[in-house]
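Below you'll find the structure, written out as structure tokens, and then a few comments.
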Amino acid sequence: MIAHRPGVDLFDGLPDTRPRTEILAEDAVVLRGLLNNEDKAVMQALDKLLAAAPLRHMFTQGGHRMSVAMSNCGRVGWVTDRSGYRYDPIDPETDRPWPALPDAFHDIARRAAAQAGFDNFAPDACLINVYEPGARMSLHQDKNEHDFAAPIVSVSLGLPVVFLFGGMQRNDRPRRCRLEHGDIAVWGGQSRLAYHGVSPLADGHHPITGRRRINLTFRKAL
Ligand code: MD3
Ligand code: FE
């Protein structure tokens, strides 16, 4: 810990970039800027992962093409097709197992969960969502996982987006929350089955991701 020296550490005229914790609801927190020192390393790891399991636009059971491009890493990956949603150990595009969850990803998710009060989080799946301008995600619940006691940890990279955080009923009016580059959110306990979605991505340019937003969601699926 750096000693508090007034006029040097806190009053030096530089912006305060220390991570801040924002509580959105019971058991739902956003850790602002928590990823900021690791963003470039995460992007490098992502390049490798996406070379092995390319991004693709999946189709919902109803036959709609999703606007978000997706891939996965970990023991299983989330997929949707005409037969519905599931976690699958095999990537249906490559017919091979998904690439392993990098140790660095596991550590980031575990650290964020612990900071939010969920000790010993051990994710076995990471869904990679890539948004281009106009891409969105309609209100839904994440309930294909076996164990709702484990939280979901989400890492945002690149362009900012308006995240919609609803209640336990689809009709509950969602609250709007901006998720920015470097933010990590943790959703567990009372909030684990809340409805949530993402507004259409506004156009822009980000120095790290270009014209995109990338979201990683870490899950204990098995
Ligand atoms: C709240 N992704 O992949 S991350 C998803 O930004 C998903 O790409 C969004 O919803 C995205 O399923 C939102 C934040 C998030 C993720 C999972 C949650 C919020 C959640 C699960 C329960 C409650
Ligand atoms: Fe979700």
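FRET efficiency for the pair T21 and Q44, taken as 1/(1 + (r/R0)^6) with r the Cβ-Cβ distance and R0 = 22 Å, rounds to 0.20.
Charge dipole of segment 21-219 (Cα centre as origin; +1 on each Lys and Arg Cβ, -1 on each Asp and Glu Cβ, all else neutral): 540 debye, rounded to the nearest 20. Taken along the Cα-to-beta-carbon direction at a fixed 7 Å, the label points for R75 and A52 span 1.6 nm. Straight-distance candidates among the lysines for linking to K143, with alpha-carbon spacing under 20 Å and chain neighbours fewer than 8 residues away dropped: K220.
Across the chain, Cα-Cα pairs more than 33 Å apart make up 14 percent of the total. Relative to the longest principal axis of the Cα atoms of the chain, helix 39-52 runs at roughly 10 degrees.
Farthest towards the positive end of the charge dipole of segment 21-219, among the residues W98, S138, L31, is the Cα of S138, using unit charges on the Cβ of Lys, Arg, Asp and Glu. Peptide packing for 210-222, 90-102 was compared via the average number of neighbouring C-beta atoms within 10 Å per residue; ordered from the highest value, the list is 210-222, 90-102. Partner lysines whose Cα lies under 22 Å from the Cα of K40, excluding those fewer than 8 positions away in the same chain, are identified as K48.
For segment 21-219, build the charge dipole from Cβ charges (+1 Lys, Arg; -1 Asp, Glu) around the Cα centre, then report which of V153, I128, M58 sits farthest towards its positive end. Farthest along the dipole direction, towards plus: M58.
What does the net charge come to around P92 if you take all other residues with beta carbon closer than 11 Å to its beta carbon, with K and R at +1 and D and E at -1? Once positives and negatives cancel, what remains is -2. A Förster radius of 45 Å, combined with the Cβ-Cβ distance separating S67 from L14, puts the computed FRET efficiency at roughly 0.70. In whole Å, how far is the Cα centre of segment 192-222 from that of segment 111-131? Value for the Cα centre distance between the two parts: 14 Å.
You can think of it this way: the chain between D103 and I208 has 35.6 nm of extra reach, that is 0.36 nm per residue less the Cα-Cα gap. Taking T21, T60 and ordering them by how much accessible surface each has at a 1.4 Å probe, largest first, produces T21, T60. Label sites at A114 and D88, each approximated as a point 7 angstrom past Cα along Cα to Cβ, lie 3.6 nm apart. Positive contributions from Lys and Arg (+1) and negative ones from Asp and Glu (-1), summed over other residues with Cβ under 15 Å from the Cβ of D203, come out at +3. When H140, H57, H205 are compared by accessible surface with a 1.4 Å probe, the order from highest to lowest is H205, H57, H140.
The values are calculated or read from the model by the stated rules, or taken from the named source; none is laboratory data. As the structure is a prediction and not an experimental result, all values here were calculated from the model. Neighbour counts are summed over all protein chains in view; Cβ atoms, including those assigned to glycine, are modelled from backbone coordinates with ideal geometry. Protein only, heavy atoms only, side chains kept; ligands, DNA and RNA dropped before computing areas. Shrake-Rupley method; radii C 1.70, N 1.55, O 1.52, S 1.80 Å.
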